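The values are calculated or read from the model by the stated rules, or taken from the named source; none is laboratory data. Owing to the predicted nature of the structure, the values given are computational and were not obtained by experimental measurement. A quick note on method: Cβ atoms are made from the backbone with ideal geometry, for glycine too, and the neighbour counts reach across all protein chains shown. The area values use the complete protein model at the heavy-atom level, side chains included, leaving out ligands, DNA and RNA. Shrake-Rupley method; radii C 1.70, N 1.55, O 1.52, S 1.80 Å.
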Amino acid sequence: MSDKRIFLSLPKLGGDEQKYVQKALDENWITSGGPNVNEFEKDLEEYLSKNVFVTALNSGTSAIHLTLILLGVKAGDEVICQSMTFSASANPILYQSATPVFVDSEVETWNICPEYLEIAIKDRISKGKKPKAIIAVHLYGMPYKVDEVHAIATKYGIPIIEDSAEALGSMYKGKKCGTFGDFGIFSFNGNKIITTSSGGSLITHSKKLKDKAIFFATQSKDKAIHYQHSEIGYNYRMSNVCAGIGLGQMKILDDNLNAKKEIHDFYCDAFKDVKEITVFKNLNQDYNSNYWLTTVLIQSSKNKSRDILLAAFEKANIETRPLWKPMHLQPLFCDFPYYGNGVSDDLFLNGLCLPSSPSLSNDEKLRIKSVIDSL
Ligand SMILES: *Cc1c(COP(=O)(O)O)cnc(C)c1O
């Protein structure tokens with residue numbers, strides 16, 4: 001057996017990517033926007049739902065930033081954000097010189113806690129500022145408590161930005177994640193479910209908002225024969241070359257999703273006799289995670305802990321990683337308001353992400369299994 005490093009999440013190519021990239025090169029359409037971009041957007045719309053408009057962008061981060069711009073978030077405004085997430089969920093709040101207000105997770109989906117969300121909203125309102133938006137995340141592809149979270153958002157009239165960067169293909173009550181919120185976003189970075197090398201998309205529910213998003217994403221050019229600008233512009237549109245990769249990737253999206261489920265099943269089986277370790281699973285039938293990464297929680301004991309497990313895998317040249325470090329614990333964000341009771345702190349200390357590449361081979365599974373059996 002080879003001892004080549006096993007990585008956490010590698011991209012997998014389907015075979016048609018080259019064809020579409022070649023088409024862009026042949027047509028000399030190398031800039032942002034273009035036929036591949038339009039087609040990629042159409043494919044995504046068909047995949048997600050008839051009622052959404054997709055705007056392809058150069059990253060998931062720029063998609064989140066554009067949602068804040070479209071919502072008119074300005075300096076001094078407050079935006080609620082799930083604390084347990086990747087920093088890209090929260091950074092765009094700072095791009096707008098707004099204030100992030102962080103909310104803890106609940107233990108069942110590891111996502112934004114409805115109770116603390118409402119406590120946070122009430123407290124911010126009592127302090128004189130109603131939050132301008134809520135950024136909720138389907139972390140590791142696991143849907144957040146959509147009904148509960150959206151009921152609270154509706155009660156207070158606050159729009160939801162659904163960070164579905166990790167959740168392409170995940171479903172809640174049979175509906176695709178990314179289509180519930182006022183806005184949704186996806187990432188097509190190299191480590192996500194499908195990739196465009198770097199890329200993202202913004203999901204809106206009207207053509208008007210999509211047009212406005214494209215306006216901002218292409219330097220906010222006013223209608224004129226010369227270059228004229230009345231608003232701040234951004235260079236956020238997806239390149240036609242990258243969209244070619246995306247078109248090829250759409251053809252293997254279902255294969256990737258099946259592979260992720262199979263990998264999750266493999267880990268459930270491999271850990272079934274290790275009583276201190278629980279594989280993170282769908283709470284019930286309403287939840288259908290894409291299992292972007294399979295993750296586990298380790299109940300610390302004398303010979304089992306997150307760090308012991310990580311070291312055992314590392315010794316076998318297998319990459320694992322702690323869960324996302326919550327934003328309220330990050331040096332950059334720790335001075336901003338936070339509402340919670342330490343759930344995400346505990347998850348961070350005791351959770352681990354396991355290799356989940358769709359290309360994970362049987363040999364690699366055997367190597368992983370032998371580490372687990374040696375625990
Ligand atoms: C990857 C990711 C993003 C950012 O996407 P990029 O395409 O890398 O900019 C945002 N939020 C979450 C939760 C992510 O995992």
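Structural remarks
Condition check ((1) open to solvent by less than 20 Å² (accessible area, probe 1.4 Å); (2) closer than 29 Å to Gly351 by Cβ) across all residues:
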position	(1), (2)
Leu25	no, no
Ile30	no, no
Glu41	yes, no
Ala56	yes, no
Ile80	yes, yes
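- The numbered conditions (1) in a loop (DSSP other than H, G, I, E, B); (2) touching a helix residue (DSSP H, G or I) at 6+ places or on another chain (Cβ under 7 Å); (3) not charged (D, E, K, R) are all true for Leu349 except (1).
- Residue satisfying condition, being assigned by TED's automatic domain parsing to the domain that holds Ser170 and closer than 23 Å to Thr179 by Cβ, within set Tyr140, Tyr116: Tyr140
- Those residues of the range 197-224 which are closer than 18 Å to Thr61 by Cα and not in a helix (DSSP H, G or I), in sequence order: Ser197, Ser198, Gly199, Gly200, Ser201, Leu202, Ile203, Thr204, Thr218, Gln219
- Single condition Gly244 does not satisfy, out of (1) more than 16 Å from the ligand (Cβ to nearest atom); (2) more than 21 Å from Val21 (Cα to Cα); (3) surrounded by 15 or more Cβ atoms within 10 Å (Cβ to Cβ): (2)
- You will find that of Asn284, Asn288, the residue that is open to solvent by 20 Å² or more (accessible area, probe 1.4 Å) and under 17 Å from the mean Cα position of the chain (by Cα) is Asn288 and no other.
- The residues of the range 210-224 that are out of contact with any strand residue (DSSP E or B) (no Cβ under 7 Å at 6 or more places or on another chain) and among the hydrophobic types (A, V, I, L, M, F, W, C), listed by number, are Phe215, Phe216, Ala224.
- The condition of being open to solvent by 10 Å² or more (accessible area, probe 1.4 Å), within 10 Å of the ligand (Cβ to nearest atom) and either farther than 23 Å from Ala167 by Cβ or not assigned by TED's automatic domain parsing to the domain that holds Tyr339 (or both) holds for only one of Thr99, Thr61, that being Thr61.
- Residue in the range 226-234 that is open to solvent by 30 Å² or more (accessible area, probe 1.4 Å), in the same structural domain as Gln96 (by TED's automatic domain parsing), under 21 Å from the mean Cα position of the chain (by Cα) and at pLDDT 95 or above present: no
- If you go through the range 84-96 and keep only what is open to solvent by less than 10 Å² (accessible area, probe 1.4 Å), touching a Leu at 6+ places or on another chain (Cβ under 8 Å) and within 12 Å of the ligand (Cβ to nearest atom), you end up with Met84, Thr85, Pro92.
- Residue within the range 181-190 that is open to solvent by 10 Å² or more (accessible area, probe 1.4 Å), within 9 Å of the ligand (Cβ to nearest atom) and in contact with a Phe, Trp or Tyr (Cβ under 8 Å, 6 or more places away or on another chain) present: no
- Of the residues Lys251, Lys272, Lys261, Lys212, the single one that is free of Cβ contacts under 8 Å to residues at least 40 places away in the same chain, open to solvent by 10 Å² or more (accessible area, probe 1.4 Å) and over 22 Å from Val137 (Cβ atoms) is Lys272.
- Condition check for Met142: among the aliphatic types (A, V, I, L, M), surrounded by fewer than 23 Cβ atoms within 10 Å (Cβ to Cβ), over 25 Å from Leu94 (Cβ atoms) and touching a residue at least 12 places away in the same chain (Cβ under 8 Å): no
Residue by residue, here is whether (1) out of contact with any Pro (no Cβ under 8 Å at 6 or more places or on another chain); (2) touching a residue at least 60 places away in the same chain (Cβ under 8 Å); (3) closer than 16 Å to Ala133 by Cα holds:
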{"residue": "Gly157", "(1), (2), (3)": "yes, no, yes"}
{"residue": "Lys173", "(1), (2), (3)": "yes, yes, no"}
{"residue": "Gly181", "(1), (2), (3)": "no, no, yes"}
{"residue": "Gly184", "(1), (2), (3)": "yes, yes, yes"}
{"residue": "Gly190", "(1), (2), (3)": "no, yes, no"}
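- Exactly one residue among Thr204, Thr218 is more than 17 Å from Gly72 (Cβ to Cβ) and within 24 Å of the chain's Cα centre (by Cα), and that residue is Thr218.
- Selection within the range 64-76: residues that are away from the ligand (no atom under 16 Å from the Cβ) and either out of contact with any Pro (no Cβ under 8 Å at 6 or more places or on another chain) or in a strand (DSSP E or B) (or both). The member of this set that is most open to solvent (accessible area, probe 1.4 Å) is Lys74.
Matching residues to (1) modelled with pLDDT under 95; (2) surrounded by fewer than 16 Cβ atoms within 10 Å (Cβ to Cβ); (3) in contact with a Lys or Arg (Cβ under 8 Å, 6 or more places away or on another chain):
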residue	(1), (2), (3)
Val296	no, no, no
Ile318	no, no, yes
Leu332	no, yes, no
Tyr339	no, no, no
Asp345	no, no, no
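- Each residue in the range 299-316 was checked for being in a helix (DSSP H, G or I) and open to solvent by less than 40 Å² (accessible area, probe 1.4 Å), and 4 pass.
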